[in-house]
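What follows is one structure encoded as structure tokens, with my remarks underneath.
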Amino acid sequence: MPIKNRFSELHEEVTGWRRHLHAHPELLYDVEETAAFVVERLKEIGVDDITTGIGRTGVVATIKGKSDASGRVVGLRADMDALPIEEATGLDYASTVPGKMHACGHDGHTSILLGAAKYLSETRNFDGTVVLIFQPAEEGGAGGLAMCEDGLMDRWGIQEVYGLHNMPGLPVGQFAIRPGALLASSDEFEIIVTGKGGHAAAPHQAVDTTLVAAQILISLQTIVSRNVDPIKRVVLTVGTFETDSVASNVIAHTARLRGTVRTLDPEYRILAEERVRRVATDTASAFGAQAEVIWTAGYPATVNTEEETRHAAEAARAVSGGVEDATDPIMPSEDFAYMLEERPGAYIFLGNGDTAMCHHPQYVFDDEAIPVGCSWFAELVERRMPAG
Ligand code: NI
């Protein structure tokens, strides 16, 4: 089954939007120009109303169907922000801003949702209301949470919510999804170990902080291997190890370890935090040192609800040749997770073909994925709120 014909006609226009956004990337909540561009397009498209400033710089718009007898409201979400990466693609529409790049394809997601909005506004072949959600700060700023905290779900009466992300390595025209956790939660920790600095030749007069921190680091690696059910997915990585000694003949007084825990299961977020605290403080204590643990909770796991995943997969099947509907979860995180904590919904991967992975300076969004993504959003709306 093909993409919707109207999206073949709109392909060039939407690609133009996408390339404009690509050339003008903005970071985190500072997406004023991107949000203004979205608002301009939404006005041209003729949506029913537009609200700015939700979650600081997010944009929310609505399109009403031919009828509203069903009282149904479906939310569709795209992210608008770029990354602090120097682009190395050599494309003629490459970033014009040094050190900033749309290296995760959010320019594509925003344009796809605008393209779907144009079709939905023209046709209105549904019974209910579509809420278009354009969020800032997906890349580490929890813009999705900020929009939810501004009352997104209740204010617009959203009943279910859907989003997509391009996926390098998955052929263009294909989709992948699964019920349950699709992406991991991501928490960070910092362990500050304090011993007693001294002369390297007199260790008996010191408490060797480097050695204590090394013992903690090794012991942390028993948390996943010895405390987690082997069929579950948890990753614990220590990314940095620093001490305050800069000389080979000095025993450090303090050391600092920083790491991250990723998991698909909320219960293991709790367990990991408890174990990291215990291992750090008790190991330090055993050597006569002290450890302070600072835990920073990040994005929760992105968990698709069963029924909405089925609807998302069926819509994908209607517009595409291939839908992998029990794909493996992956361990990056995604702040659409916060919207899925508030409402049932689903997040789907849209094939982006053979390119560098997201967040790489040579990553390229494939514009051939645009009509496929637009068709999925439109199909989903027409299926979830069928016209009477
Ligand atoms: Ni992304």
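Taken together, the criteria exclude G198 from residues that are closer than 20 Å to E292 by Cβ and open to solvent by less than 80 Å² (accessible area, probe 1.4 Å). Considering only segment 119-132, I want to know if a residue exists there that is within 16 Å of the ligand (Cβ to nearest atom) and either more than 18 Å from G46 (Cβ to Cβ) or not in a strand (DSSP E or B) (or both). No; the residues of segment 119-132 include none that is within 16 Å of the ligand (Cβ to nearest atom) and either more than 18 Å from G46 (Cβ to Cβ) or not in a strand (DSSP E or B) (or both).
Return yes when D150 is more than 14 Å from the ligand (Cβ to nearest atom), at pLDDT 95 or above, surrounded by fewer than 24 Cβ atoms within 10 Å (Cβ to Cβ) and more than 22 Å from the chain's Cα centre (by Cα) and no when it is not. Criteria not met by D150.
Restricting attention to segment 70-94, which residues are over 25 Å from G55 (Cα atoms), in contact (Cβ under 8 Å) with a residue 60 or more places away in the chain and either more than 16 Å from the ligand (Cβ to nearest atom) or outside the structural domain of D154 (by TED's automatic domain parsing) (or both)? Passing the criteria: S70, E86, A88, T89, L91, Y93, A94.
Picking from residues in segment 51-66 that are touching a Lys or Arg at 6+ places or on another chain (Cβ under 9 Å) and assigned to a strand (DSSP E or B), the one that is farthest from the ligand (Cβ to nearest atom) is K64.
Conditions (1) surrounded by 20 or more Cβ atoms within 10 Å (Cβ to Cβ); (2) under 26 Å from the mean Cα position of the chain (by Cα), marked per residue:
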site: E190; (1), (2): no, yes
site: H204; (1), (2): no, no
site: A213; (1), (2): yes, no
site: Q221; (1), (2): no, no
site: S225; (1), (2): no, no
site: I231; (1), (2): no, yes
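Only a single criterion out of (1) open to solvent by less than 10 Å² (accessible area, probe 1.4 Å); (2) free of Cβ contacts under 8 Å to residues at least 24 places away in the same chain is not satisfied by A369, namely (2). Annotation: Y29 fulfils all but one of (1) part of a helix (DSSP H, G or I); (2) aromatic (F, W, Y); (3) in contact (Cβ under 8 Å) with a residue 24 or more places away in the chain; the unmet one is (1).
Of the candidates G108, G140, the single residue that is within 15 Å of the ligand (Cβ to nearest atom) and surrounded by fewer than 24 Cβ atoms within 10 Å (Cβ to Cβ) is G140.
Taking the residues in segment 1-53 that are hydroxyl-bearing (S, T, Y) and closer than 30 Å to Q362 by Cβ as candidates, determine which candidate is least open to solvent (accessible area, probe 1.4 Å). That would be T34. Here the condition is being under 22 Å from the mean Cα position of the chain (by Cα) and more than 18 Å from C358 (Cα to Cα); of I63, I133, it holds for I133 alone. Within segment 155-172, residues that are in the same structural domain as E324 (by TED's automatic domain parsing) and in contact (Cβ under 8 Å) with a residue 12 or more places away in the chain sit with their Cβ atoms under 7 Å from residues that are within 16 Å of the ligand (Cβ to nearest atom) and of a type in the set (V, I, T), at 6+ positions apart or across chains, in these pairs: L164/I348; P168/T355.
Only a single item in (1) modelled with pLDDT under 95; (2) open to solvent by 80 Å² or more (accessible area, probe 1.4 Å) is not met by D265, and it is number (2).
Listed by position, the strands (runs of 3 or more DSSP E) inside segment 157-246 whose residues that are more than 16 Å from the ligand (Cβ to nearest atom), at pLDDT below 95 and over 26 Å from R269 (Cβ atoms) number at least 1 form an empty set. Those strands (runs of 3 or more DSSP E) of segment 277-364 in which at least 3 residues are open to solvent by 20 Å² or more (accessible area, probe 1.4 Å) and touching a residue at least 12 places away in the same chain (Cβ under 8 Å), considering only elements entirely within it, cover 290-296.
The values are calculated or read from the model by the stated rules, or taken from the named source; none is laboratory data. Because the structure is a prediction, the values reported are computed rather than measured. In this analysis, Cβ positions are derived from the backbone assuming ideal geometry, glycine residues included, and neighbour counts consider all displayed protein chains. Each accessible area value is taken on the protein alone, full model and side chains, heavy atoms only, with ligands, DNA and RNA left out. Shrake-Rupley method; radii C 1.70, N 1.55, O 1.52, S 1.80 Å.
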